[in-house]
Amino acid sequence: MPRAAIEANERMNLRVAAQQKATLMRAAALVHADLTEFVTRAALREAEAVIKSAERIEVSERDFLRILELLDNPPPPNEKLRAAIAALPRDR
C-alpha cells in the first residue's frame with residue numbers, strides 16, 4: 001500500500017484560488033471553526049473514506065458465506081497450483 005512521506009513539522013502549505021479560500025473561510029465561519037480546523041476536518045473525513053475504500057472489500061452475504069466455506073473446506077490443488085508451488089524458490 002502506498003504511503004506518503006511525512007515531514008518532521010506539523011505545517012502543510014496549500015495554494016488555492018482566492019475564490020476557493022473565500023468559500024472555505026465562509027463555510028468555516030458558519031460552523032464556528034477557524035480555517036485550519038475546518039479544512040483539516042473535511043480533509044480527514046475524505047482521507048478516512050479513501051483509506052476505508054482502498055483497504056476493505058465489501059461482499060454480499062451470499063459471497064461472504066461462500067468465502068467462509070472455501071476457507072473451511074478448500075478445494076484440492078489443481079494442476080496450475082501444483083505447478084506454481086513447484087516453481088517457488090526453495091531457499092527460504
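Could you name every one of the helices (runs of 4 or more DSSP H) located completely within the chain that has at least 3 residues being loosely packed, with under 10 Cβ neighbours inside 10 Å, more than 22 Å from the chain's Cα centre (by Cα) and not hydroxyl-bearing (Ser, Thr, Tyr)? Let's see the steps before the verdict.
Working: elements: 18-30, 35-55, 61-72, 79-87.
Hits in the chain: 18-30, 61-72, 79-87.
Would you check if Leu81 is touching a residue at least 12 places away in the same chain (Cβ under 8 Å) and either out of contact with any Gly (no Cβ under 8 Å at 6 or more places or on another chain) or not acidic (Asp, Glu) (or both)? Before you say what the answer is, go through the steps one by one.
Working: touching a residue at least 12 places away in the same chain (Cβ under 8 Å): no; either out of contact with any Gly (no Cβ under 8 Å at 6 or more places or on another chain) or not acidic (Asp, Glu) (or both): yes.
When the stated conditions are applied, Leu81 does not pass them.
For Leu70, state whether it is within 30 Å of Met12 (Cα to Cα), without any contact (Cβ under 8 Å) to a residue 12 or more places away in the chain and not acidic (Asp, Glu). Lay out the reasoning, then the answer.
Numbers: within 30 Å of Met12 (Cα to Cα): no; without any contact (Cβ under 8 Å) to a residue 12 or more places away in the chain: yes; not acidic (Asp, Glu): yes.
So Leu70 does not fit the description; no.
Quick note: the coordinates plus some simple rules give every number you see, no bench work behind them. As the structure is a computational prediction, the values presented were derived from the model and not from experiment. Virtual Cβ from ideal backbone geometry, glycine too; neighbours counted across all protein chains shown.
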